[in-house]
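*Asks:* So that we are looking at the same thing, I have put the structure below in C-alpha cells.
The values are calculated or read from the model by the stated rules, or taken from the named source; none is laboratory data. This structure is a prediction, so every number in the text was calculated from the model and none was measured. Because the Cβ atoms are built from the backbone with ideal geometry, glycine has one as well, and the counts that use them run over all protein chains shown. Side chains are part of the model used for accessible areas, which takes the heavy atoms of the whole protein and leaves out ligands, DNA and RNA. Shrake-Rupley method; radii C 1.70, N 1.55, O 1.52, S 1.80 Å.
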Amino acid sequence: MAGPGAAPGVILGIETSCDETAAALISTDGRILSNVVSSQADLHARYGGVVPEVASRRHLELVTPVVREALGQADAKLGDVELVGVTAGPGLIGALLVGVSAAKAIAWARRLPLAAVDHLQGHVASLYLEPASLEPPFLCLLASGGHTLLLDVQDRRGKPRVLGTTLDDAAGEAFDKGARLLGLGYPGGAEIDRLARAGDPEAYEFPVARMPELDFSFSGLKTALLYTVRKLRADELERRRADLAASYQRAIVRALAERTLQAAASSGARKIAVVGGVAANSELRRALPDAALAPLELCTDNAAMIASAARFAEAIPYPGYLGLDAYASTA
Ligand code: KG4
Ligand code: ZN
C-alpha cells in the first residue's frame with residue numbers, strides 16, 4: 001500500500017520472527033504508509049514446515065531490500081523515521097536476531113530510539129491501525145501458528161491478562177497438521193479454508209475437546225483426523241478430501257468461537273476482537289459476526305502491526321539498545 005507521501009515522524013517496523021520478512025512504515029497516529037511482506041512459504045513448502053536455519057539465512061538476504069521497499073512505497077527516507085520498532089520475541093531465535101540486528105543498525109546509525117516489541121502484542125496492535133482503530137477494553141482471541149490465547153485487553157500499554165490458552169497445539173498448528181494429513185500444501189490454514197468451501201462440514205463428526213475453564217486442546221482433533229484418513233483408500237480420500245477439510249475446519253472454528261463467547265460472558269467484556277493468522281479464516285469470521293476482526297492483510301505476520309505496537313512500548317533511547325537480545329519464548 002503506497003502512502004500519499006510521508007510526513008516526517010514516521011515509525012519503521014521490522015518483523016522476522018518466523019518465515020515472513022516484513023517491514024512497514026506507519027504514521028504516529030496509526031496510518032499505514034507501506035506494508036511490505038516477503039513470505040518464504042515457497043522455500044519451506046517442500047519440507048512441510050519452517051526450517052529455522054533456512055529461514056534465518058533468507059531473512060538475512062531479504063531484510064535490507066524489504067526495508068528499502070517499505071521506504072520507497074511510502075515515499076519516505078530513513079531521515080523521516082523517528083522510531084524503529086522490531087519484534088524481539090517470541091519466535092525462532094535465529095530469525096529474530098536478523099531483524100533485531102538490522103533494527104539496531106538502522107536506529108544506531110541515526111541515533112534513533114528503538115522499541116523491542118513482543119510479537120503477540122504486535123498481533124493485538126493490528127487492531128490499533130487506521131481506519132478501523134479499536135479502543136480497549138475488549139476480549140481478544142489471538143489465534144496463530146504458535147499461539148491460541150484469550151486475552152483481557154484493558155489498555156494499549158502493558159501486557160494483557162491471559163484468560164485461556166491451548167494445552168497442546170495452537171489453532172494454526174492444528175490447521176497446518178490437518179492439511180498435511182490431507183495431503184495439502186504448506187501453510188495449511190488457507191488451503192483448508194479454500195478446500196472447505198467445496199465440502200460438507202457435517203460429513204464427519206470430529207470431537208471438539210471441552211477443557212475446564214477457558215483453555216483449548218486441539219491434539220485429539222488432529223488424531224481423530226489421522227485415524228479417519230488412515231481408514232480411507234487413496235481414491236476415497238481423494239473424493240472425500242473437501243468434506244474432511246470442511247468438517248475438520250468446523251470443529252476448530254466451533255472450539256474457538258464457543259470459548260471466545262464464553263470468555264466474553266464470564267469476563268463481562270462488551271467488545272470481542274480476533275487477531276492472528278487464523279483470524280483470516282472465512283468460517284471463523286462468519287462464526288463471530290459481531291467481533292472486531294483484524295483486516296485480512298494484517299492477520300498473518302506483518303510489520304505494520306509491529307510498528308503499531310512500538311507506539312505503546314517503552315522506547316529505549318540511543319544507544320542503550322545495543323545490548324538488546326531476542327527471546328525465543330516468554331517463560
Ligand atoms: O500469525 P501468523 O502469520 O504466524 C504466527 O505468528 O504463527 O499465523 C500463521 C498461521 C498458520 O498456522 C496458518 O496456517 C494460519 O495462520 N492461517 C489460517 C488461514 N490463513 C493463515 N488458518 C486458517 N484459515 C486461514 N485462512
Ligand atoms: Zn504471528
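*Asks:* In whole Å, largest first, what are the principal axis extents of the Cα atoms in the range 64-118?
*Replies:* 31, 21, 17
*Asks:* If you don't mind, there's one more thing I want to ask. Please list, in chain and number order, the residues 5+ apart from Gly89 or on another chain whose amide H is under 5 Å from its amide H, with Hs placed from the backbone.
*Replies:* His119, Tyr327
*Asks:* Take the solvent-accessible surface of the protein heavy atoms, probe 1.4 Å, and return the percent of it on the chain that carbon and sulfur atoms account for.
*Replies:* Details: 7700 of 14540 Å².
It is 53 percent, rounded to a whole number.
*Asks:* Going out from 0 in 20 Å bins, what whole percent of all Cα-Cα distances in the chain drops into each bin?
*Replies:* Answer for the chain: a P(r) of 33, 55, 12, 0 percent.
*Asks:* Mind checking which of Leu150, Leu127, Leu288 has the largest fluctuation in a GNM of the chain, springs on alpha carbons under 10 Å?
*Replies:* The residue with the greatest mean-square fluctuation here is Leu288.
*Asks:* Considering only protein heavy atoms, what per residue accessible area in square angstrom results for the range 1-121 with a 1.4 angstrom probe?
*Replies:* On the way: 4880 Å² over 121 residues.
Ligands and nucleic acids excluded, the result is 40 Å² per residue.
*Asks:* At 0.36 nm per residue, minus the direct Cα-Cα distance, what do Ser133 and Leu322 gain on full extension? Give it in nm, one decimal, please.
*Replies:* The Ser133-Leu322 span can extend by a further 64.8 nm.
*Asks:* Gaussian network model of the chain, Cα springs within a sub-10 Å range: biggest mean-square fluctuation belongs to which of Val84, Val36, Val229?
*Replies:* Val229
*Asks:* Per 0.36 nm of contour for each residue apart, how much would the distance between Arg233 and Asp155 grow if the chain were fully extended, relative to their Cα-Cα spacing? List each step's numbers first, then the result.
*Replies:* Working: separation 78, 0.36 × 78 = 28.08 nm, distance 5.28 nm.
22.8 nm is the gain from fully extending Arg233 to Asp155.
*Asks:* Another question about this same structure. Could you identify which residue out of Lys222, Lys231, Lys159 has the top mean-square fluctuation in a GNM of the chain using Cα springs shorter than 10 Å?
*Replies:* Evaluated over the chain, the most mobile residue of the options is Lys231.
*Asks:* Which whole-Hz ³J(HN,Hα) couplings does the range 81-94 yield from phi under the Karplus relation 6.51 cos²θ - 1.76 cosθ + 1.60, θ = phi - 60°, glycine and proline marked x?
*Replies:* Per-residue couplings from phi come out as 6, 10, 8, 10, x, 9, 5, 9, x, x, x, 6, 4, x Hz.
*Asks:* Okay, moving on. Give the Cα extents of the range 200-331 along the principal axes, in whole Å, largest first.
*Replies:* Computed over the range 200-331, the largest-to-smallest principal extents equal 62, 37, 29 Å.
*Asks:* Kindly write out, for the range 164-180 in residue order, the coupling ³J(HN,Hα) from the Karplus curve 6.51 cos²θ - 1.76 cosθ + 1.60 (θ = phi - 60°), rounded to whole Hz, with x marking Gly and Pro.
*Replies:* x, 8, 8, 8, 9, 6, 7, 4, x, 5, 4, 4, 5, 5, x, 4, 5
*Asks:* Calculate the radius of gyration of the Cα atoms of the range 98-170 to one decimal place, then report Dmax, the largest Cα-Cα distance, as a whole number, both in Å.
*Replies:* Here Rg and the maximum Cα pair distance are 15.0, 44 Å.
*Asks:* Starting from the alpha-carbon convex hull of the range 135-231, give the projected area averaged over all orientations, in nm². Write out the running numbers ahead of the final one.
*Replies:* On the way: hull surface 30.5 nm².
Average projection, Cα convex hull of the range 135-231: 7.6 nm².
*Asks:* Hey, another quick one. Suppose each label sits 7 Å from its Cα in the direction of the beta carbon; what would the Glu61-Lys77 distance come out to in nanometres?
*Replies:* 3.1 nm
*Asks:* Once the mean 1/r over all distinct Cα pairs of the range 1-110 is inverted, what Kirkwood radius in angstroms do you read off? Display every interim value, and only then the final one.
*Replies:* Numbers: mean 1/r = 0.0717 Å⁻¹.
It works out to 14.0 Å.
*Asks:* FRET efficiency for Val54 and Thr330, Cβ-Cβ distance as r, R0 = 25 Å, nearest 0.05?
*Replies:* Working: r = 25 Å, r/R0 = 0.99.
For Val54 and Thr330, the calculated efficiency is 0.50.
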